[in-house]
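Below is one structure, written out as structure tokens; comments come after it.
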Amino acid sequence: MCSCKKGLLAMFTTWIFLVLVYETDAMGELTKCEKVETVAAWRDHNTVVVTSLKTLSGTWISEGCETRPGPEYVLRAYTFNPEGTYNLIQHHYWDDSCSSPKLTVISHGRLNLRNSLVQPEASNGLAKPTNITVIPQDSAAAEELIKLVSQECPGQYWKSWRRNVEHLVYDHRQERRGTFNLWSHSYQAITNHHPLNKPEFPQISGDVSCLGSLKWAFNELKLLKIQFRPLYNSRKSSKIVEMELLLGDIHSNKKRREFYSPTSFQPPLFKQTKGENITVAKHQFLVKNPNTLTNLITSQSPPHLIEKPHLPPYIWGDWVSTRCEVRPLDVYLLRHFTFHEEDHRWVGHHKFFSDPFCTYPKFIITATGHFTLVGPSETMKGVSDIDFQIERATLTALDHRIITEMRLPGLCGLGEWKVNVPKELATTNGCISLGVFIPSVRFDVVKVEMDYKGAWLLFLGQADTNNLPQDERPTAFQLPMVKCGEKVSFTEDLRERLGREFYFGGGNRLGGCCIVFVVVRLLFLFL
């Protein structure tokens, strides 16, 4: 999108937001879900992206305990300097509250940026690590690392792994001599026990020149994006912002992480600041830090966060996205889910867009069926297994070009296709070209949490990175949806309305933007 169009669009959406929020007496009271969606759109459309070494400079930390596929539980604290050097700290934990530390991974190196061809206004990072070290935080972690090294680096000698002792697992000087390559198996013991250019570090023991399964740990630097996102509490001005650092997504399959080039993002890191004025393109922003974590996260000694309560899967009611969600392969969408307690029926609305700020809609998919709460997850504490039966689905094209590019006539639904008119897909057992099959079952996981502001959050499982069918249930989550409606009672009137208007209607349908459509298996993006 050109800058002039984006500027006009931001002004337009800001005006719409102010009208909706401050003139409800004239327009009628908005529902809670509409308010959440309006605020999310206002924040998305007023987000400014400036990705450079200058804006990257500083320390960025996790908003809270992060769950990665595995599952793995991580807190991140990444520091970048203006000249491109970096210090990355990952604290790994045994539990989803990040209350019981497992190990800490530290990397130093240098980063160069170039424009990304994968994500608009993002950058590809070319990272050159100088050293990577690992600190076991307890005896169990040390024993696990011993087993890992024996499997990944057979025949190599190493000293005993000990808790709270830093162990060097990569030194770029070994690679420079041709004896060790970061991205391939080569086993020669490291003889220098001090990380390069870090003489203040203590003596390190137990060093090996093999990363094993830790090779993927910093692949996230291959894709990054910096956003100035306005705070809702300062909705009178879009110049009071929080700064987000979006880094490349972690592949859902651990075996594929080593050579994976990210096409999407993880949950954002937030810039650590006490209130900083930053000028970008002659516009000044006041950056505030919404993060509740302290400076302890930047220490080599990991913080012990308070163990959070595990809530029952009380999912009844309405849940909506709080921001435009970015998925691999240039997929951008907003979700709205409704769960009915009386007959365990669910309805999921998925509105897809052509840009990462959900400005230009392309099509809408609505799926419905019944769900079954199977019981507690066997792999994740505080998580429940859930099965989604997909019994019906409709597809609504919001632009005529979508109909031809997706080759919908004759393949997906019966009869003539028209713009803005939902087409029932069950008549053709789904849409094979899009990977939509009806009936089918999606084996998923669900978790309910409350954030520090008191809002209820709903987490559904992360789909396979390559949008392929999964043999096992997900072990990580999509971005959360926030609860915006009370428990919904299922009535015959609602049943008739679903049959008559089975699509996610309403909203501004902006056009005029060139659409580049990527055919993906949408079934596995539904949930």
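Here are some notes:
- Pairs from the list 35/423; 222/351; 381/447; 102/147; 362/447 with a Cα-Cα gap above 18 Å: 35/423; 222/351; 362/447.
- Here the relative contact order of region 49-96, from alpha carbon pairs under 8 Å that lie six or more residues apart, stands at 35 percent.
- Computed over region 251-323, relative contact order equals 16 percent, with contacts defined as Cα pairs under 8 Å that lie 6+ residues apart.
- Extension gain from residue 470 to residue 143, taking 0.36 nm per residue of separation minus the Cα-Cα distance: 114.6 nm
- Per-peptide average of other Cβ atoms within 10 Å, ordering 362-369, 423-430 highest first: 362-369, 423-430
- Accessible area per residue for region 312-458 is 38 Å², calculated with a 1.4 Å probe on protein heavy atoms, without ligands, DNA or RNA.
- The packing ranking of peptides 72-85, 305-318, 275-288, highest mean first, is 72-85, 305-318, 275-288, where packing means the average number of other beta carbon atoms within 10 angstrom of each residue.
- Taking region 34-128 and dividing mean pair separation by its residue count, relative contact order in percent (alpha carbons under 8 Å, at least six apart): 20 percent
- Computed extension length for residue 289-residue 418: 41.8 nm, one decimal, from 0.36 nm per residue of separation with the Cα-Cα distance subtracted.
- In nm, spacing of pseudo-spin labels at residue 72 and residue 117 (7 Å Cα→C-beta vector): 2.9 nm
- In a fully extended conformation the segment linking residue 437 and residue 258 would gain 61.2 nm over its present Cα-Cα distance, using 0.36 nm per residue.
- If R0 is 35 Å, the Cβ-Cβ spacing of residue 31 and residue 429 corresponds to a FRET efficiency of close to 0.50.
- Backbone N within region 76-118 under 19 Å of label point (7 Å from residue 299 Cα along the Cβ vector): 76-79, 88-94, 98-107
- Converting phi to 3J(HN,Hα) with the Karplus coefficients 6.51, -1.76 and 1.60 and the offset θ = phi - 60°, region 321-332 yields 5, 9, 6, 5, 9, 9, 10, x, 6, 6, 10, 10 Hz in sequence order, with x at every glycine or proline.
- When only alpha carbons are used to place a centre, region 332-368 and region 435-481 end up 13 Å from one another.
The values are calculated or read from the model by the stated rules, or taken from the named source; none is laboratory data. Keep in mind that what you see is a predicted model, and the values were worked out from it rather than measured. Note that we place each Cβ from the backbone using ideal geometry, even for glycine, and neighbour counts take in every protein chain shown. Ligands, DNA and RNA are excluded from the accessible area calculation, which covers all protein heavy atoms including side chains. Shrake-Rupley method; radii C 1.70, N 1.55, O 1.52, S 1.80 Å.
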